[in-house]
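Participant: First, the structure itself, so that you have it in front of you.
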Amino acid sequence: MRKAMNEGLIAKEKWWEWVEDKKDRVFLTERAKSRYGKWFPREVKVVKNGKEILLPPGEEVYRYFWTGEKWKIEEGEISASSAFLFSLPCEARAIIEVTDKIFLNNPIDKNYWLRRKSLSLGIMACLQPEPTCFCSSVGGGPFWRDEGALFLVPREDDIYIQGEGELFSFSEGVEEKIKEEIQALQKKAESVLPSLLPSYFPQELYRYFEDEEWNELSWHCINCGACTFLCPTCYCFDLNVEGKLKGFQLRSWDSCMFPKFTLHASFHNPRPTGKERVRQRVMHKFSYFPEREGNFACVGCGVCVEKCPVNWDIREAIERMVEKIDRFRT
Amino acid sequence: MFEKEIRRKSEELLETKTVDMVIGYTSGSLPFQARPVLISSPEDTEQLVWNHFSSPNLARYLLPYRDSSKKIALLAKGCDARAVMVLIQEKQFPRERVHIIGLPCPGMISKTKLEKELGEIKEEDFSFEKDTFLWQGKKWEIFPFLEDTCSRCRYPNPPLYDELIGEKREPWGSSSTDYLEKINGQSEEERWQFWEEEFSRCIRCYACRNACPLCYCKECFAESDLPRWVSGVPTLSDNLFFHLGRSMHLAGRCVECGACERACPEEIKIGLLPLKVEMIIKNNFSFEAGLSLEEDAPLLTYRETDPGEFIK
């Protein structure tokens, strides 16, 4: 059950007072910046998404060396100081409903946890969904919020805010009329978005694992990693030992689009062609993860659609599979 | 833009079983985009489109069929045809199994440039005519909106084809030297600063490499484990090493199609690297890749009579 949250209005000057003071510790996503850049000082750090902070593209997991008699291992020290990340709802949802579930469930990933516990999230309402947006298909929405995060709707001269925290010391309470205005904004944003995928989709999709459709669907994908690297939920990584008698274990982003991703030591590759790799990306997000965790591992931000060099559109893959499932569903 | 003729020709080729499949472009899911498509039955040829957004180099789509017996018709702009030519020369695809439908290229337009200049735009408001378009009752030249990689194109006409649809055209006039002069005129420090800025944005998704028709190594040096040349982490030095390494591997082979640059999600000016390299090749060996099937590629050839002492 969602408990009632604080809400309030914060005047522009008060907001600036707060954000100016914190600017060295504020992260802003590129997309939040493109919508709300004028609400943040120029000094804030701009990131692509939360993944860039919580699961950086490369990091040392531990250092090791051979003493002459035995191996010594030193764990890396992560110094994560408290910070704020302001993002769109889809991007926050990628953290709360996807990567948190992976890295904060047993076994807990220490590096992720250290960074995550010092990161407060601010969710900026999405007033104008883009043509590539489909958050509502996968259980989110332009006004999606979470009780663990602040929710903000920037207006002309003030910000409507919901949640907990120090910002509320500036808050002035909210009139009924303003609440209605906020609701109207929400309705307007939601009206342009597609409807939720059917609840049977994850389970049914898996039955189409061997379907021929994947051949045609995957044909024009060039198997680069633009979609997965820019995706706020894709969390797969690789581990490599750097060094011989002395060195470190390096963790770096990996992508299921790459042939090496599943290459066995025997040189057998269970996903030898683009077809299997494309299918894996769709299956993981829309079948395996939701079957296990209860929600899709896609937040419908549309970045993969926007950035794909050959216009491979995951929405079409989903649509075609839904159609297929519905045609044969008894 | 000869779309009808392309469809009719493709239909005919499939109907007469001259080819097993046609590789071309079809409408994308987003405005101002066309995507590669595989057509295998005559009735599907209606899906084919040909416009200012038919940007990916289709030659790379031949490679998966290298070891098959399929005969393929390929829609080819100047650069696509040049890439096919290199693939044939390098024995990556047999000439007799590719039917090249040559298309003099009208120039590919950058959606980013359109949006930057015109603001919010809708595809249906545009009508394109030779080298111009109509938008909001006004006639615009397309040249300023061309992809950088296309505005400096020297070979819009396919140098190799089985048939040509459309009229041959002249290059745009802005030359690769214009682009290189900007860089050549800079001090070492300025150039370093420029490339540092560019390569620090690289996320190493390899979209450039995978969009490239001539990057067909089974195992890319960038992904080799044994030995490991480059780290997978996108640090500036690893990024630089990857891009320079790739440039060297393409030296004397690159057809300057710019597919790499157009594929880059971070809009890095990758296309400038081979530009410089190919200029050096041209000056030293009077050779340009993908213009003739007979002429040997200088860096892939050994001659005992080579004037260079180092090679003997």
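Participant: Sorted by packing (mean other beta-carbon atoms within 10 Å per residue), highest first, where do A:240-249, A:23-32 land?
Facilitator: A:23-32, A:240-249
Participant: To the nearest 20 debye, what charge dipole does the protein assembly as shown have about its Cα centre, counting +1 at the Cβ of each Lys and Arg and -1 at the Cβ of each Asp and Glu?
Facilitator: I would put it at about 1020 debye.
Participant: Still on this structure: With θ taken as phi - 60° and the coefficients 6.51, -1.76 and 1.60, list the Karplus ³J(HN,Hα) couplings across the range B:103-117 in order, rounded to whole Hz; mark glycine and proline as x.
Facilitator: 10, x, 7, x, x, 8, 9, 8, 4, 4, 5, 4, 5, 5, 7
Participant: Then there is this: By average Cβ neighbour count within 10 Å, what is the ranking of B:34-40, B:66-72 from highest down? All intermediate terms of the calculation are to be shown ahead of the outcome.
Facilitator: Details: B:34-40: 20.1, B:66-72: 13.0.
Final packing ranking: B:34-40, B:66-72.
Participant: Report the dimensions of the protein assembly as shown along its three principal axes from the alpha-carbon atoms, largest first, rounded to Å.
Facilitator: 81, 74, 60
Participant: Please name whichever of B:Gly107, B:Phe2, B:Ser29 sits farthest to the positive end of the charge dipole of the range B:1-122, dipole taken about the Cα centre and charges placed at Cβ: Lys and Arg +1, Asp and Glu -1.
Facilitator: B:Gly107
Participant: Additional query: Which of the peptides A:153-166, B:179-192 is most tightly packed, and how do the rest follow, judged by the mean count of other Cβ atoms within 10 Å per residue?
Facilitator: By packing density, highest mean first, the sequence is A:153-166, B:179-192.
Participant: For the range B:1-94, with only Lys/Arg (+1) and Asp/Glu (-1) charged at the beta-carbon, what is the dipole magnitude about the Cα centre, in debye rounded to 20? Kindly include the intermediate steps, with their values, before the conclusion.
Facilitator: Details: 13 positive and 12 negative charges, 69 e Å.
About 340 debye.
Participant: Could you derive backbone 3J(HN,Hα) for the range A:189-206 from the dihedral phi with the Karplus parameters 6.51, -1.76 and 1.60 (θ = phi - 60°), listing whole Hz in sequence and x where the residue is Gly or Pro?
Facilitator: 5, 5, 5, 8, 9, x, 8, 5, 5, x, 5, 7, 4, x, 5, 5, 4, 4
Participant: Quick one: of A:Lys45/B:Lys113; A:Lys260/B:Lys282; A:Lys260/B:Lys4; A:Lys33/B:Lys139; A:Lys187/B:Lys269, which pairs are farther than 32 Å apart, Cα to Cα?
Facilitator: With Cα atoms farther than 32 Å apart: A:Lys260/B:Lys282; A:Lys260/B:Lys4; A:Lys33/B:Lys139; A:Lys187/B:Lys269.
Participant: Let me ask another. Mean residue ellipticity at 222 nm from the helices of chain A, using -39,500 (n - 2.57) per DSSP H segment of n ≥ 4 over the full residue count, to the nearest 500 deg cm²/dmol? All intermediate terms of the calculation are to be shown ahead of the outcome.
Facilitator: On the way: 14 runs with 108 residues, N = 330.
Helices in chain A give a 222 nm mean residue ellipticity of -8500 deg cm²/dmol.
Participant: Let me ask another. For B:Lys9, go through the lysines and keep the ones whose alpha-carbon is under 25 Å away, minus same-chain ones fewer than eight residues off.
Facilitator: In chain and number order, the partners are B:Lys17, B:Lys70, B:Lys71, B:Lys77, B:Lys130, B:Lys168.
Participant: Order by neighbour count: B:Thr18, A:Thr99, B:Thr305, fewest other Cβ atoms within 10 Å first, most last.
Facilitator: Lowest to highest Cβ neighbour count: B:Thr305, B:Thr18, A:Thr99.
Participant: Take every residue in peptide A:246-255, count the Cβ atoms of other chains within 10 Å of its Cβ, and give the average of those counts.
Facilitator: Going residue by residue through A:246-255 and averaging, the value is 2.
Participant: While we're looking at this one, here's another question. Order of A:Trp16, A:Trp144 from fewest to most other C-beta atoms within 10 Å?
Facilitator: A:Trp16, A:Trp144
Participant: Cross-link partners among lysines for B:Lys276, C-alpha distance below 16 Å, same-chain residues fewer than 8 apart left out?
Facilitator: Partners within reach: B:Lys182.
Participant: I need the shape label for the range A:181-278. Rule: rounded when a/c is under 1.5, else prolate if a/b > b/c, else oblate, with a, b, c from the alpha carbon gyration tensor.
Facilitator: Values: a/c = 2.92, a/b = 1.53, b/c = 1.91.
Cα axes put the range A:181-278 in the oblate bin.
Participant: Looking only at other chains, what is the average number of their beta-carbon atoms within 10 angstrom of each beta-carbon in B:196-207?
Facilitator: 4
Participant: A follow-up question, please. Taking amide H positions as placed in the peptide plane 1.01 Å from N, state which residues far from A:Met124 in sequence (5 or more) or on other chains have amide H under 5 Å from it.
Facilitator: A:Ser87, A:Leu88, A:Leu152
Participant: Let me ask you something else. Can you pull out the chymotrypsin sites (Phe, Trp or Tyr not before Pro) in the range A:191-235 whose DSSP state is coil and whose Cβ has at most 16 other Cβ atoms within 10 Å?
Facilitator: A:Tyr200, A:Phe209
Participant: Can you tally the net charge around B:Glu163? Count Lys and Arg as +1, Asp and Glu as -1, for every other residue whose Cβ sits under 11 Å from the Cβ of B:Glu163.
Facilitator: Every neighbour counted, the sum reads -2.
Participant: Can you give the average number of partner chain beta-carbon atoms within 10 Å of each beta-carbon in peptide A:310-317, as a whole number?
Facilitator: The per-residue average across the peptide is 5.
Participant: Specify which residue in the list A:Ser195, A:Asn215, A:Val305 is farthest towards the positive end of the charge dipole of the range A:185-309, using unit charges on the beta carbon of Lys, Arg (+1) and Asp, Glu (-1), about the Cα centre.
Facilitator: Going by the Cα projections, it comes out as A:Val305.
Participant: Would you mind working out the magnitude of the charge dipole of the range A:1-88 relative to its Cα centre, with +1 at each Lys and Arg C-beta and -1 at each Asp and Glu C-beta, to the nearest 20 Debye? Kindly include the intermediate steps, with their values, before the conclusion.
Facilitator: Values: 18 positive and 15 negative charges, 116 e Å.
Here the range A:1-88 has a charge dipole of around 560 debye.
Participant: Aspartates and glutamates within cross-link reach of B:Lys91: Cα-Cα under 15 Å, excluding same-chain residues under 8 positions apart?
Facilitator: Once the sequence-local aspartates and glutamates are set aside, what remains near B:Lys91 is B:Asp67, B:Glu294, B:Glu295, B:Asp296.
Values in this text are rule-based calculations from the coordinates and carry no lab data. Not measured: the values here are computed from a predicted model. With ideal geometry, Cβ positions are generated from the backbone for all residues, glycine too; neighbour counts draw on all protein chains shown.
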